[in-house]
1. Jot down the radius of gyration and Dmax of the stretch B:124-246, Cα atoms only, both in angstrom.
2. Sorted from fewest to most neighbouring beta carbons within 10 Å, what does the list B:122, B:166 look like?
3. Nearest 20 debye, what's the magnitude of the dipole of the stretch B:215-368 about its Cα centre given +1 on Lys and Arg Cβ and -1 on Asp and Glu Cβ?
4. Of A:339, A:242, A:329, which is farthest on the positive side of the dipole of the stretch A:208-356, counting Cα position, with +1 on Lys and Arg Cβ, -1 on Asp and Glu Cβ, and the Cα centre as origin?
5. FRET efficiency for residue B:367 and residue A:23, Cβ-Cβ distance as r, R0 = 30 Å, nearest 0.05?
6. Between residue B:346 and residue B:318, what length in nm is gained on full extension when 0.36 nm per residue of separation is reduced by their alpha carbon distance?
7. Quick one: if the Förster radius is 41 Å, what FRET efficiency do residue B:147 and residue A:83 give, using the C-beta to C-beta distance and rounding to 0.05?
8. Over all Cα pairs of chain B, how is the pair count split among 10 Å bins, expressed in % and running from 0 up to the last occupied bin?
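Please treat every number below as a calculation from the coordinates, not as lab data. Every value quoted in this text rests on a predicted model; they were computed, and no experiment measured them. Positions of Cβ are generated from backbone atoms using ideal geometry, with glycine treated the same way; all protein chains shown enter the neighbour counts.
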Number of protein chains: 2
Amino acid sequence: MKVTLLKENLSKGLNIISRIVSTRGSLEVLGNILIKTEKGRVCLSATNLEVGINYRLGAKVDSEGAITVPARLFSEFINSLPNEKITLELNGDTLISKSENYESNIKGISADEFPLIPEIKTGKVMDIKSSDLRKAILLAAFAAAIDDSRPVLAGVYLKVDGSKVTLAATDSYRLAEKVVNVKSGKTKKEELILPAKTLLELARILGEFKEDLNVGVYLSDNQILFETDGLDFISRLIEGQFPNYRQIIPESSDTKTIVPKEELLTAVKIASLFARENANNIKVSMKSKGVLEVDSGGSQVGQNKAKIKAHVEGKDGEASFNGKYIIDVLNNLSAKEVSFEISGKLNPGIIRTPNDKGYIYIIMPLRN
Amino acid sequence: MKVTLLKENLSKGLNIISRIVSTRGSLEVLGNILIKTEKGRVCLSATNLEVGINYRLGAKVDSEGAITVPARLFSEFINSLPNEKITLELNGDTLISKSENYESNIKGISADEFPLIPEIKTGKVMDIKSSDLRKAILLAAFAAAIDDSRPVLAGVYLKVDGSKVTLAATDSYRLAEKVVNVKSGKTKKEELILPAKTLLELARILGEFKEDLNVGVYLSDNQILFETDGLDFISRLIEGQFPNYRQIIPESSDTKTIVPKEELLTAVKIASLFARENANNIKVSMKSKGVLEVDSGGSQVGQNKAKIKAHVEGKDGEASFNGKYIIDVLNNLSAKEVSFEISGKLNPGIIRTPNDKGYIYIIMPLRN
């Protein structure tokens, strides 16, 4: 193998793929990335057996070949180099990198030992804009469970139905659902569950591309492929039945407040400081005179109360929630104003934005 | 106590003092900061029994008083508030903070339980500009030992002699010495040793002040006071004899190279990636044809070589050093060019900058 490429392009490719690499694993080759020539380009691949990524970049290919090298060393080395042309050349299993002032030999492992990343090129489910997909992931996936004692709850439910695509996640204490319209008529009805961590990684990667790209989504028995602009992102699916969450979405609410997002976020963050000893329990009170109050406190530290001017509809009401769940959603919403709805102390609260009818976030109340 | 002050000023004060607070301690009150009124101002104090800080800020004082409150909670609370006026008022041992939209009660501990921070106002040693003091600390203190198995090596040696002030530190593998001229004629001959960590904290604090201030330095038996602009910074001294380090400073060298600092830093950082399995051992070779080479490698990962165009004086030479020690000094130097001197494989190397005759950094060589 002998290829010449720009440091900048190689760095971008390594940043895209190298977070997928297994950092602790029994199999040494899983800590490596695969570099191989492919139709006049260079293809970089990484996998942790849950997710596989291929990313192709432009290069001058003088001779074909493939090798795997340690991901961390190679990425740190390339990222540290000045921005110039780099030639990569194989000598047995050693990769020789040369640029104007630097020459290194890195010991690799034969490409034959690298696990095969499955190819899925049939079973197209839909086309979606990368910006829409990324936004939907960011608005839904954070609500999934962190631990996977119930594997489906560590996943994001994805439903494709005509031109409507739904992403939803819940850890049973809160629920986020985002519906996106896709333009393409080629969509195919499907319901599946993907690991939330994997989707968040895909959102990070889509954010590395400056342009808004078309993402093709393909499905096989237990794998899904997201394909765009030289990138293949393949993930396993989670088996099981996602809870029928739609039944817990309230149809109406007793009290509705519209408040500036940043003010609510500041008030809940401050309230959380005082709620540490109290399982993060904070109380919101909505008053028809136009005030949203956020209260918290514990017997050890003291108490705190914030008042936010708000547009309040309906009757006065109050309810208690885990402050973290409010902070999480506000951190992911980009709107300037949010609406916060409650129906007494025993029913779920709802947070959404006035301008996005496709989004809803539900939080279960805490007993005070 | 009832005082009114600006959030911005209170935040600045809390950022200055609150890193001194003991995070894990047997005595709960050491996790608190002291807030007290003092001659029409508010004085904030923190101590971890090694260092004590007082910082005074402007306030409207309606009634006198003092209280201690948990440093972390109070700082996070104040830092989160919008930028407006805050009123602090005592009710027993509870501190009530009020601003336009926020009201909190924080449970405190009586000011009587706070350890006394010693007052030293006699024994002036010198006056020094805060920018000179800060720079000298940053150029010397990083070379001190991290662990304190030999307490004097975890310290910075400070010598005042006429208008010359010397700071030096060594962990026995490398040595940094910075000499600063002070203008004031009031200096008093003294030699002492201060904890390096404490001095680095002082440097951080001096960096928080935008202006270049005069710092008065005072000495008592076993304590030192740095005083400036409402700030008292009091540290204990380290007892013992600092090694007679001047004898290891070479008087001349066989080979001297002048190179761009950033290029050398990049080359040594890259070399360090390949030197991990090899105790960070990297080799520098200076060639009279005008090249500085940086080499490293290990049997597991591979090898690396960088070439930097350099101005080389004297005979060709090479020597091996711990790459971390080279990176440390380059990270602290602000010059564009540095000089690197060696005298064969067995003698110390010297790094300094062409324009600062007051600074020298010595690194012991490694056997290759």
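1. Final numbers for Rg and Dmax: 13.3, 39 Å.
2. On the way: B:122 9, B:166 18.
Listed from fewest to most nearby Cβ atoms, that is B:122, B:166.
3. Numbers: 19 positive and 19 negative charges, 169 e Å.
With Lys and Arg at +1 and Asp and Glu at -1, about 820 debye.
4. Most positive-ward Cα: A:339.
5. Details: r = 33 Å, r/R0 = 1.11.
That gives a FRET efficiency of 0.35.
6. Contour length minus the Cα-Cα distance gives 9.1 nm.
7. Values: r = 40 Å, r/R0 = 0.97.
E(calc), rounded to 0.05, equals 0.55.
8. 5, 21, 25, 20, 16, 9, 4, 0
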